[in-house]
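Below is one structure, written out as structure tokens; the observations come after it.
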Amino acid sequence: MLKGKVAIITGSGQGIGKGIACRFAREGAKVVICDMKEDLVKQVEKRIIEQNGIALGVMTDVTKAADIKNLVEKVLDHFGTIDILINNAGITRDVMSHRMSEEQWDLVIDINLKGSFLCCQAVLPTMRDKNYGKIVNISSAARFGNPGQVNYAASKEGIVGLTRSLAKEVGAKGINVNAVAPGFIETAMSKAVPPEILKEKVKIIPMLRQGTVEEVASTCLFLASDESSFITGQVIHVDGGRYMP
Ligand SMILES: NC(=O)c1ccc[n+]([C@@H]2O[C@H](COP(=O)([O-])OP(=O)(O)OC[C@H]3O[C@@H](n4cnc5c(N)ncnc54)[C@H](O)[C@@H]3O)[C@@H](O)[C@H]2O)c1
């Protein structure tokens with residue numbers, strides 16, 4: 001579905017980002033593994049190449065404009081173009097707001113929201129020149145608000161504003177900008193949740209189960225492919241029906 005396309009996936013050293021990178025590589029994309037953890041970048045790059053995929057690892061901290069400039073230069077040198085950007089790098093620093101430090105607020109906003117903006121800004125000149133591009137920003141069901149997550153929810157709802165505004169700016173240039181909002185997904189993070197709390201969380205999901213990394217990856221695949229060519233500025237919730245806005 002993505003044969004020959006060049007796709008940058010941020011935060012692809014593990015979890016959902018790694019799942020997206022591996023799926024895109026199986027679909028024929030040349031994938032750029034981009035994460036702030038160098039060992040993870042190397043592991044995922046190696047794994048994809050061993051499975052006969054095409055991958056380039058570039059250690060990148062998405063909060064640093066110089067790292068992002070280096071990333072784009074390396075990708076253009078190596079692959080000659082950029083077709084797809086998946087803004088997946090994200091963190092949580094959960095704490096009730098009366099105890100949240102300014103650093104906890106800033107870090108989450110910087111990585112999740114500003115990092116996504118900086119990466120969009122860096123790939124847009126290439127996409128505008130070729131009148132083609134697909135940007136998928138990873139939001140979260142937490143955008144609707146959760147206690148202890150004022151920073152995270154603000155960043156993930158901010159991503160929706162970024163997505164819609166950018167979609168309106170670049171639609172005429174053949175660039176689609178959409179968001180995916182995963183709900184409760186089976187990752188290292190959710191495996192740390194105590195079983196009794198997990199049970200309660202799953203009870204309120206109409207499909208009565210957690211989602212998988214693969215289910216998020218296949219939604220990103222649809223939005224990164226030409227199968228979604230007339231869809232832009234949208235948020236697709238991958239959450240088993242938990243939220244129906
Ligand atoms: N896991 C879930 O249930 C869930 C639900 C909704 C949304 N999400 C979102 O999906 C995305 C991926 O989540 P995950 O569960 O796979 O998380 P994860 O913690 O397993 O992976 C995130 C990756 O991002 C990288 N990263 C962190 N800061 C970075 C930075 N400054 N620069 C570059 N890379 C950085 C980390 O090193 C890590 O490899 C996040 O944006 C998260 O908010 C996850």
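The values are calculated or read from the model by the stated rules, or taken from the named source; none is laboratory data. Note that the structure is predicted; figures quoted are calculated from it, not measured. For neighbour counting, all protein chains shown are included, and Cβ atoms are generated from backbone atoms with ideal geometry for every residue, glycine included. What goes into the accessible areas is simple: the full protein's heavy atoms, side chains included, and nothing from ligands, DNA or RNA. Shrake-Rupley method; radii C 1.70, N 1.55, O 1.52, S 1.80 Å.
The table below lists the values:
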{"item": "Per-residue HN-Hα couplings for segment 172-187 [Karplus 6.51, -1.76, 1.60; θ = phi - 60°; Hz; x = Gly/Pro]", "result": "5, 9, x, 10, 9, 10, 9, 10, 10, 10, x, x, 8, 10, 6, 9"}
{"item": "Crossing angle, helix 150-170 versus the chain [Cα axis fit, 0-90 degrees, rounded to tens]", "result": "30 degrees"}
{"item": "Mean Cβ count within 10 Å, highest first, over the residues of peptides 143-150, 1-8, 184-191", "result": "1-8, 143-150, 184-191"}
{"item": "Accessible area of the chain belonging to carbon and sulfur atoms, whole % at 1.4 Å probe", "result": "54 percent"}
{"item": "For the chain, projected area of the alpha-carbon convex hull averaged over all directions, nm²", "result": "12.9 nm²"}
{"item": "Under the Karplus curve 6.51 cos²θ - 1.76 cosθ + 1.60, θ = phi - 60°, whole-Hz ³J(HN,Hα) for segment 40-53, x wherever Gly or Pro sits", "result": "5, 4, 5, 4, 5, 4, 4, 4, 5, 5, 4, 8, 6, x"}
{"item": "Cut-off under 5 Å, modelled amide H: who pairs with Lys30 long-range", "result": "Gly4, Lys5, Val6, Ala7"}
{"item": "1.4 Å probe accessible area per residue over segment 6-236, in Å²", "result": "48 Å²"}
{"item": "Cα centroid separation - segment 149-165 against segment 99-114, whole Å", "result": "12 Å"}
{"item": "Full-extension gain in nm, Lys3 to Lys42, via 0.36 nm per residue minus C-alpha separation", "result": "11.8 nm"}
{"item": "Under 5 Å, built H, 5+ apart or other chain: amide partners of Ala89", "result": "Thr10, Gly11"}
{"item": "Separation of the Asn146 and Ser229 label points, Cα + 7 Å toward Cβ, nm", "result": "3.8 nm"}
{"item": "Angle between the chain longest axis and helix 115-130 axis [Cα atoms, degrees, rounded to 10]", "result": "30 degrees"}
{"item": "Angle between the chain longest axis and helix 213-224 axis [Cα atoms, degrees, rounded to 10]", "result": "50 degrees"}
{"item": "Dipole magnitude (debye, nearest 20) for segment 25-152, charges at Cβ of Lys, Arg, Asp, Glu", "result": "320 debye"}
{"item": "In nm, spacing of pseudo-spin labels at Asp106 and Ile91 (7 Å Cα→C-beta vector)", "result": "1.3 nm"}
{"item": "Semi-axes of the equivalent ellipsoid for segment 1-108, Cα gyration tensor, largest first, Å", "result": "28, 15, 11"}
{"item": "Hits among lysines - C-alpha to C-alpha of Lys168 under 23 Å, sequence gap 8 or more where chains match", "result": "Lys114, Lys130, Lys134, Lys156"}
